[in-house]
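To start, I am sharing the structure in question, which I have written as structure tokens.
The values are calculated or read from the model by the stated rules, or taken from the named source; none is laboratory data. Please read all numbers here as calculations on a predicted model, not as lab measurements. Positions of Cβ are backbone-derived with ideal geometry, glycine not excepted, and every protein chain shown enters the neighbour counts. Protein only, heavy atoms only, side chains kept; ligands, DNA and RNA dropped before computing areas. Shrake-Rupley method; radii C 1.70, N 1.55, O 1.52, S 1.80 Å.
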Amino acid sequence: MITTKPEIQLDVNAQETSEWLEALDQVVDGAGAGRASELLQQLMTRAAQLGVTAHMRLNTPYINTVPVWEEVPYPGDLEIERRIKAYVRWNAMAMVARANKYDANIGGHISTFASLATISEVGFNHFFRGSIQAADGSTQPGDFVYYQGHASPGVYARAFLEGRLSEQHLINFRHELRDTPGLSSYPHPRLMPDFWQFPTVSMGLGPINSIYHARFLRYLENRGLIPVTDRKVIMIGGDGETDEPESLGALTLASREKLDNLTFIINCNLQRLDGPVRGNGKIIQELEGAFRGAGWNTIKCLWGSNWEPLFAKDKSGILIKRMSECVDGEYQNFKVRGPAYTRNEFFGKYPELADLVADMTDEQIAGLKRGGHDPVKVYNALKKAYEHRGGPTVILMKTIKGYGLGEAGEGRNVAHNQKKLNESELEYVRKRFNIPVPAEAAMTASFYKPDENSAEARYIRERRTAMGGPIPARNEGNWTLEAPPLTSFAESTEGSGGRPASTTAAFVGILKNILKEKSVAKYIVPIVPDEARTFGMESLFRQVGIYASQGQLYKPVDSDMFLYYKESRDGQILEEGITEAGSMASFTAAGTAYANLNVPMIPFYIYYSMFGFQRVGDQVWAFADSRGKGFMMGGTAGRTTLLGEGLPHQDG
């Protein structure tokens, strides 16, 4: 039987509690939620003054954040989009199944995109922009989307329907080195330089890189190097991926910088590679607490539209109570074991809850959707995220891993490793999603593409045109740079004149000179993980300033000195603090701006010898995969200048 949380202690004065709640209801009805929030803040302040402490609540009830009465009608043609989504699902699945059918052990992933398909399609049709218009009327690069790496077959399948990829590309999935065109396993700009922009495998790279990317866009805007736009950085990741330290380690930077140009979409299918993410807990509630505690606007999209009649019928709150007390391991069971099990073990826990579904068939119970599979719910969650101002947003989308695969892996622990489907499993998917291919074609995992003049093909073209063109797409641009003449570095080329000099000091001298050259100075991005003084770079504080999005709101303690700590909105130095990972993420954002924004930024990441380099190996790989351009400088030579620091510092 299900183990539930302990019952909440009975209210010692129910009448008084009821009066307070009624008063709150009246404020919301009469003055709105904003006024109610103000009153609650005042009450909390007053309580603190009186020495009253209350349990900090970082979680909201286990329901959708956007209530049904705030939803707007879906703007697209749901039926056409359903068919397009089915074709994308089929081709993504067929791509992996076919590759493994004819080339054993080639690998690939089916189940991740199966859980993400609705989220992806709503995004492509209504949110992910290929280009945008700036206030000056110029056309600028659109939104930057960091795709969940294991869902790459779905992105390929959609590009196939758009006409950007051929059937030969799909046939050569994971065979990109063959003579004929192929597709890389995951998002790899180095292997597909006209398609992918951001490598998101290894896990955790997408979250941290997207945060610093969003901040770097603000840096460029505040320095006047790109126009101010409403461009979004969207990171689509998995709930299991959040266990990587890089995934959640930089959340407070986004809220501190008020990055309302950043949206995380966490695909919460409750499963990682081996089993449930939090079988004995609730990963969505855990993540909500982490993001809310870090200052993010947090939206939960958990339940589909066909749950709404049950919520409306439930006058006691027993349904929400039951949803809140179930752990994720049981939610897996409710999907895998079928509607009879769900009726008995979920609804049957309480008699009044069982009564709510007494008139529902098992088929109707089985059809109750999770929020991430309902386009109306997904659209409204994304709309709220796009409209939010003042800080970053995360959307926690509840889905089912392997959705639509049935016995082949829907909601099962083996779903992540499912790469091969037998004929009956392929036929099940074909029938479930009404794929218009003959049964014999399904047996060979043949691809499907509607006629160019079909309603679906026209709709795809119309929506991508409305959204500013294809995405993802990478373009190295048409920028030029004028190199400074060698005479600009005479101070360095003439040597030290017999004076002792370190290589670090020599580099800093070169950097100072480059920052005086009009042809390239504005493109230089010095990036330091809190070691500028160690490297003798403090003179740059005054020369070009330290970037601070809010300016300098205080008088520096060393303001009476010539080389004081100068922060400004148009500062050039990225002083990242003690974070090599964050510094490397900024280095990546700057080093790929030439392709992403047609602005040839030249980043210099100055780190502390090998003591800093050893922390960012995976990110260095991702920088190379991104085709980044820049300079990594090992500040201080460990074996000559760090003898007193100990062995870890002397490896350089």
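Using a Förster radius of 60 Å, what is the FRET efficiency between PHE631 and ARG432 based on their Cβ-Cβ separation? Nearest 0.05, please.
That pair, PHE631 with ARG432, gives E of 0.65.
Positive end of the dipole of the chain, charges at C-beta (+1 Lys, Arg; -1 Asp, Glu), about the Cα centre: which of MET633, ILE514, ALA439 has its Cα farthest in that direction?
Of the candidates, ILE514 comes out farthest on the positive side.
Placing unit charges on C-beta atoms (Lys and Arg positive, Asp and Glu negative, everything else neutral), compute the dipole magnitude of the range 303-424 about its Cα centre in debye, rounded to 20. Mind showing how you got there, number by number?
Values: 19 positive and 16 negative charges, 110 e Å.
Dipole magnitude for the range 303-424 comes out near 520 debye.
Counting other Cβ atoms within 10 Å, keep those with at most 16, restrict to DSSP loop, and tell me which trypsin sites (Lys or Arg not before Pro) in the range 321-388 are left. Present the calculation step by step, with values, prior to reporting the outcome.
On the way: sites: LYS321, ARG322, LYS335, ARG337, ARG343, LYS349, LYS369, ARG370, LYS377, LYS383, LYS384; in loops: ARG337, LYS369.
Those satisfying the criteria are ARG337.
If you don't mind, there's one more thing I want to ask. So which trypsin sites (Lys or Arg not before Pro) in the range 124-228 are both in a DSSP loop and have at most 11 other Cβ atoms within 10 Å of their Cβ? The partial results should precede the final answer.
Numbers: sites: ARG129, ARG158, ARG164, ARG174, ARG178, ARG190, ARG215, ARG218, ARG223; in loops: ARG129, ARG164, ARG174, ARG178, ARG190, ARG223.
When the trypsin sites (Lys or Arg not before Pro) of the range 124-228 are filtered for loop state and at most 11 Cβ neighbours within 10 Å, ARG178 remain.
At R0 = 35 Å, how high is the FRET efficiency between ALA354 and VAL28 if r is their beta carbon distance? Nearest 0.05 is fine. Could you put the intermediate results ahead of the total?
Numbers: r = 32 Å, r/R0 = 0.91.
According to the calculation, E is roughly 0.65.
Ranked highest first by average number of other Cβ atoms within 10 Å, how do 204-210, 437-443 line up?
Numbers: 204-210: 27.4, 437-443: 14.3.
Result, highest mean Cβ count within 10 Å first: 204-210, 437-443.
May I ask which residue of PHE562, MET235, ALA590 lies farthest towards the positive end of the charge dipole of the chain, with charges of +1 (Lys, Arg) and -1 (Asp, Glu) on Cβ and the Cα centre as origin?
Among PHE562, MET235, ALA590, the one farthest towards the positive end of the dipole of the chain is ALA590.
To continue, here is another question. Per residue, how many Å² of accessible area does the chain show with a 1.4 Å probe?
Numbers: 29340 Å² over 652 residues.
Averaged over the residues of the chain, the accessible area is 45 Å².
Among residues other than ALA104 whose Cβ falls under 14 Å from its Cβ, what is the net charge (Lys/Arg +1, Asp/Glu -1)? Each step should come with its number before you reach the end.
Values: positive: ARG98, LYS101, ARG174, LYS419, LYS420; negative: ASP103.
Neighbourhood net charge equals +4.
Next question. Mind listing the long-range amide H neighbours of PHE264? Cut-off is under 5 Å, sequence gap 5 or more, other chains count too, H placed in the peptide plane at 1.01 Å from N.
Amide H neighbours of PHE264: MET235, THR393, VAL394, ILE395.
Can I ask one more? Quote the charge dipole size of the chain about the Cα centre in Debye, to the nearest 20; the model charges only the Cβ of Lys and Arg (+1) and of Asp and Glu (-1). Spell out each step's value before the answer.
Working: 70 positive and 76 negative charges, 179 e Å.
Using Cβ point charges on Lys, Arg, Asp and Glu, the chain gives about 860 debye.
Now for a different question. Taking all protein chains in place and a 1.4 Å probe, what share, in percent, of the accessible surface of the chain do carbon and sulfur account for? If you can, show how the numbers build up before the last one.
Working: 15540 of 29340 Å².
Carbon and sulfur together cover 53 percent of it.
Taking the chain as the reference, fit the longest principal axis to its C-alpha atoms, fit the long axis of helix 78-102 to the helix C-alpha atoms, and give the angle between the two in degrees, 0 to 90, nearest 10.
Roughly 70 degrees, rounded to the nearest 10.
Charges on Cβ only, +1 for Lys and Arg, -1 for Asp and Glu, centred on the Cα centroid of the chain; of PRO603, GLY206, GLY617, which one is farthest towards the dipole's positive end?
Checking the options against the dipole of the chain, the answer is PRO603.
Tell me, what is the percent relative contact order of the range 339-454, built from C-alpha pairs under 8 Å that lie six or more residues apart? List each step's numbers first, then the result.
Details: 78 pairs, mean separation 15.6, N = 116.
Answer for the range 339-454 is 13 percent.
Name the residues of the range 251-276 whose amide N is less than 19 Å from a point 7 angstrom out from the Cα of ILE578 along the C-beta direction?
Counting backbone N atoms under 19 Å from the label point, the list is 251-253.
Could you state the number of Å between the C-alpha centres of the range 221-248 and the range 589-612?
The two parts, judged by their Cα centres, are 16 Å apart.
Could I ask something else about it? Starting from the Cα gyration tensor of the chain, take the square roots of the eigenvalues, sort them a ≥ b ≥ c, and report rounded, prolate or oblate (rounded when a/c is under 1.5, otherwise prolate if a/b is larger than b/c, else oblate).
oblate
So what's the net charge close to ALA290: Lys and Arg +1, Asp and Glu -1, counting the other residues with Cβ under 15 Å from its Cβ?
On the way: positive: ARG57, ARG278, LYS282, ARG292, LYS300; negative: ASP239, GLU241, ASP243, GLU244, GLU246, GLU286, GLU288.
Counting the neighbours of ALA290, the net charge comes to -2.
Give me the percent of DSSP beta bridges within the chain that run antiparallel, rounded to the nearest 5. Write down the numbers at each step before the final one.
Details: 5 of 40 bridges.
Bridges in the chain are about 10 percent antiparallel.
State whether the range 75-139 is rounded, prolate or oblate according to the following rule on the C-alpha gyration tensor (a ≥ b ≥ c being the square roots of its eigenvalues): a/c under 1.5 gives rounded; otherwise a/b larger than b/c gives prolate, and the remaining case gives oblate. Please report the intermediate quantities before stating the final value.
Values: a/c = 3.56, a/b = 1.95, b/c = 1.83.
Verdict is prolate for the range 75-139.
Kindly report, to the nearest 10 Å², the accessible surface of LEU353 as traced by a 1.4 Å probe over protein heavy atoms only.
The accessible area of LEU353 comes to roughly 0 Å².
Right, here's the next one. What are the ³J(HN,Hα) values, in whole Hz, obtained from phi via the Karplus relation 6.51 cos²θ - 1.76 cosθ + 1.60 with θ = phi - 60°, for each residue of the range 295-307 in sequence order, with x given for Gly and Pro?
x, 8, 5, 10, 10, 9, 10, 10, 10, x, 4, 6, 7
Pull out a ≥ b ≥ c, the square roots of the eigenvalues of the alpha-carbon gyration tensor of the range 167-260, then state rounded if a/c is under 1.5, prolate if not and a/b is larger than b/c, and oblate in the remaining case. Each step should come with its number before you reach the end.
Numbers: a/c = 3.41, a/b = 1.65, b/c = 2.06.
In terms of gyration-tensor shape, oblate.
Could I ask something else about it? For every other residue with a beta carbon closer than 14 angstrom to the beta carbon of VAL394, add +1 if it is Lys or Arg and -1 if Asp or Glu, then tell me the sum.
Details: positive: LYS232, ARG292, LYS300, LYS384, LYS398; negative: ASP239, GLU241, ASP260, GLU286, GLU288.
Computed value for this residue: 0.
So how tilted is helix 283-293 from the main axis of the chain? Cα-based, degrees 0 to 90, rounded to 10.
40
Please compare each pair in LYS85/LYS377; LYS518/LYS555; LYS512/LYS566; LYS300/LYS369 to a cut-off of 24 Å on the Cα-Cα distance and tell me which ones are over it. The partial results should precede the final answer.
Details: LYS85/LYS377 16 Å; LYS518/LYS555 30 Å; LYS512/LYS566 16 Å; LYS300/LYS369 15 Å.
Cα-Cα > 24 Å for LYS518/LYS555; rest within.
Right, another one. Angle check, please: helix 14-31 long axis (alpha carbons) against the longest principal axis of the chain (alpha carbons), in degrees 0 to 90, nearest 10.
Between the helix axis and the principal axis of the chain, the angle is about 70 degrees.
How big is the dipole moment of the range 258-355 about its Cα centre under a simple scheme where the beta carbon of each Lys and Arg is +1, that of each Asp and Glu is -1, and everything else is neutral? Debye, nearest 20, please. Could the numbers behind the result be given before it?
Values: 14 positive and 12 negative charges, 4 e Å.
Its charge dipole is roughly 20 debye.
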